[in-house]
Amino acid sequence: MQSVSLVWFRQDLRLHDNPALAEAIDTGHVLPVYILDDTNAGDWKIGSASRWWLHHSIQQLNQTLANKLWVYKGDPKQIIKRLISEHSIENVFWNRCYEPWQVQRDKKIKNELEYLGISVRSFNSALLWEPWTNLKHDDTPYKVFTPFYENGMENLFIETPTETKIAKLKAIPCSQANDKIEQLALMPTLNWYEGIASNWSPGERGAQERLDSFIQKGIENYKVGRDFPALNSVSRQSPHLHYGEISPRQILHYIAKATQGMQIEANVAHFQKELAWREFSYSLLYYFPFITHRNLNQKFDQFPWVENEALLRLWQGGKTGFPIIDAGMRELWHTGYMHNRVRMIAASFLAKNLCIPWQLGAKWFWDCLLDADLANNSASWQWVAGSGADAAPYFRIFNPVIQSQKFDPDGNYIRSYVPELSSCPSKLIHDPGSASPTEIRKHGIILGNDYPLPIVDLKETRAAALTAYKNMKETILAA
Ligand code: FAD
């Protein structure tokens, strides 16, 4: 009789290039399981937008498994132990996750199952370099991106992604998988997700289609185009990567194959480098698990952050009076995504002009982003705030008006998300608050009525932030 292996799907919601699933198929019968774990996640339960994604992604996975996905909600340890006894399971396989609470949980489960005589094996399916495979010569983790990247590249060999032998999959039948997915109650009760649904296709097939479209339309201008939010030059692979509907290895492999002979090596290399920032974030989170809530650079513990609820709400709602920021915050709300350039501008404004703790911005992103990812979100917020690894120096404060003029020169991105400014000419659209009321009224816009006046003065808040930073440094030196 062939043995039964349980495959625990987590952030690897795909069939192809999935080592845990491939191993289980080779071993015999398979019990494919998904468990929504809100029990162990603590502060990092999946956010609202990401839950919407997860609902659809599990549905897609279940379809590709011919409705044989066993779906549960609760504590994985209890659920897996019960399944083991009910189905005489001998092996448990999973692909590794790296959030601190997941690492702790998985260690405990592995120990307990091994004690019961179950064979447990875990695999890498999500990273090019697992944190412990890309360390400095003295075996300590990198805190600077470039040497991390260069060292990783020296050892990077993109293997051909493994084809899972789906035809050989002997999955244990399961009843009412679709009902079980509904019972997870991942879908929001209010329908705020129409804009999201029309922009995205979660699941393995959606990931592949999005990648194909990027290869056809985006990659050849990626290096320059990636900074312009109105252009379609980025891959939008982030939520697919977060849920493991595609692996970085698959992405790099397909891109290398599809762009052969196109002479766009610089664009491909730049894309690879951006993917490596994701790897860097994972390494940081693994070795410095507190970066989710505490400054990596502890000097910033002395910074006089201000928890101003009213300003935070205006920022969240896209009502700051700075159009590029408002466009970004509304893009986030309507589509579950925000372009990277605009994420940097909006985050810098919150942390440096408003001096609001970066953690509050990170929390909002966590709830609203489809690609909310603990490693990328924490490391990126700290990078922008200046408190992180290899961070933007504190004195480099993004000016939202100059950024807007540079990266959205015609205002097309702004007009997509801030319709009340659609009649505003390009020369005024970046900073309507500085135009004379008569001039702006000529275009049918009354500031403070149709569109907010700037909530702060950029020069004053910049100067105040720099003074606070200088004082912080002096206090530390004096201590
Ligand atoms: P592309 O430009 O096509 O890049 C391809 C992939 O490379 C991305 O999907 C992503 O996996 C990785 N990548 C690109 N830029 C970065 C970066 N700066 N840091 C880490 N990885 C990167 N990314 C998330 O996936 N989840 C988050 O929660 C998240 N929060 C962020 C918060 C802030 C304040 C900032 C400034 C950035 C954040 N990022 C986050 C990083 C980045 O903005 C997104 O990964 C990127 O915009 C996703 O779009 P894309 O897939 O089209 O990117």
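Just so it is clear, none of the values below were taken in a lab; they were calculated from the coordinates. Quantities reported herein were computed from a predicted structural model and do not represent experimental measurements. Counting neighbours? That spans all protein chains shown, and the Cβs are built from the backbone with ideal geometry, glycine included.
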Debye intensity ratio I(q)/I(0), log10, the range 1-117, q values 0.10, 0.17, 0.21 Å⁻¹ (C-alpha model): -0.29, -0.88, -1.36
Positive-end extreme of charge dipole, the range 57-208 - chosen from Pro202, Phe145, Asn62 (charges on Cβ): Asn62
Apply the Kirkwood formula to the range 140-212: the hydrodynamic radius equals the inverse of the mean of 1/r over all pairs of different alpha-carbon atoms; give it in Å with one decimal. 17.9 Å
Using the per-residue mean of other Cβ atoms lying within 10 Å as a proxy for protection, in what order, highest first, do the peptides 377-389, 128-140 fall? 377-389, 128-140
Under unit Cβ charges (Lys, Arg +1; Asp, Glu -1), what dipole magnitude, rounded to 20 debye, does the range 126-282 have relative to its Cα centre? 240 debye
Considering all alpha-carbon pairs of the range 35-95, what whole percent are spaced by more than 16 angstrom? 57 percent
Ile397: net charge of surrounding residues, Cβ under 14 Å, Lys/Arg +1, Asp/Glu -1, itself excluded? +3
Could you size up the charge dipole of the range 99-161 around its Cα centre, putting +1 on the beta carbon of Lys and Arg and -1 on that of Asp and Glu, and report it in debye to the nearest 20? 260 debye
With point charges of +1 on the Cβ of Lys and Arg and -1 on the Cβ of Asp and Glu, referenced to the Cα centre of the chain, which listed residue (Pro454, Leu284, Leu135) lies farthest in the positive direction of the dipole? Pro454
Just to check, using Stokes-Einstein with a Kirkwood Rh over alpha carbon pairs, what's the diffusion coefficient of the range 376-479 at 37 °C and 0.692 mPa s in µm²/s? 203 µm²/s
So if we plug the beta-carbon distance of Ala167 and Lys363 into 1/(1 + (r/R0)^6) with R0 = 45 Å, what FRET efficiency do we get, rounded to 0.05? 0.50
What are the residues whose amide H is under 5 Å from the amide H of Val120, where those residues sit 5 or more places off or on another chain and H is modelled from the backbone? Val92
Treat each spin label as a single point 7 Å out from the Cα along the C-beta direction, and report the Glu114 to His443 distance in nm. 6.4 nm
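Translational diffusion coefficient of the range 238-350 at 20 °C, 1.002 mPa s, Stokes-Einstein with Kirkwood Rh over Cα pairs, in µm²/s as a whole number. Can you show the working numbers first?
Details: Rh = 17.3 Å.
The Stokes-Einstein estimate is 124 µm²/s.
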Give the span of the chain's Cα atoms along each principal axis, as three whole-Å numbers ordered largest to smallest. 83, 54, 49
At q = 0.17, 0.24 Å⁻¹, work out log10 I(q)/I(0) for the range 392-453 with the Debye formula, treating every Cα as an identical point scatterer and leaving solvent out; two decimals please. -0.57, -0.99
Compare the peptides 62-75, 280-293 by average per-residue count of other Cβ atoms within 10 angstrom and give them in order, highest first. 280-293, 62-75
Among Ser423, Gln382, Ala126, pick out the residue whose Cα is farthest towards the positive end of the charge dipole of the chain, where Lys and Arg carry +1 and Asp and Glu carry -1 on C-beta, about the Cα centre. Ser423
When the label point is put 7 Å from the Cα of Met153 along its Cα-to-beta-carbon vector, which residues of the range 271-289 have a backbone N closer than 17 Å? 271-281
Per-residue HN-Hα couplings for the range 351-357 [Karplus 6.51, -1.76, 1.60; θ = phi - 60°; Hz; x = Gly/Pro]: 7, 9, 7, 8, 6, 7, x
Over 26 Å between alpha carbons, listed pairs Lys77/Lys180; Lys165/Lys257; Lys81/Lys107; Lys45/Lys217; Lys68/Lys273; Lys68/Lys168: Lys45/Lys217; Lys68/Lys273
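Normalise the Cα radius of gyration of the range 69-221 by 2.2 N^0.38 Å (N = residues in it) and let me know the number.
1.37
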Compute the distance in nm between two label points, each set 7 Å from the Cα along the Cα-to-Cβ direction, one at Tyr287 and one at Met187. 4.5 nm
In nm, spacing of pseudo-spin labels at Leu477 and Gln176 (7 Å Cα→C-beta vector): 6.9 nm
Net charge of Cβ neighbours under 14 Å - reference Ile219; Lys, Arg +1; Asp, Glu -1: +3
Take each complete run of DSSP H in the chain, measure how far its Cα atoms stretch along the helix's own axis, and keep only those covering 18 Å or more with mean Kyte-Doolittle hydropathy at least 0.0; list them. none
Only Lys, Arg, Asp and Glu count, each charged at its Cβ (+1, +1, -1, -1), so figure out the dipole size of the range 371-479 about its Cα centre, rounded to 20 debye. 340 debye
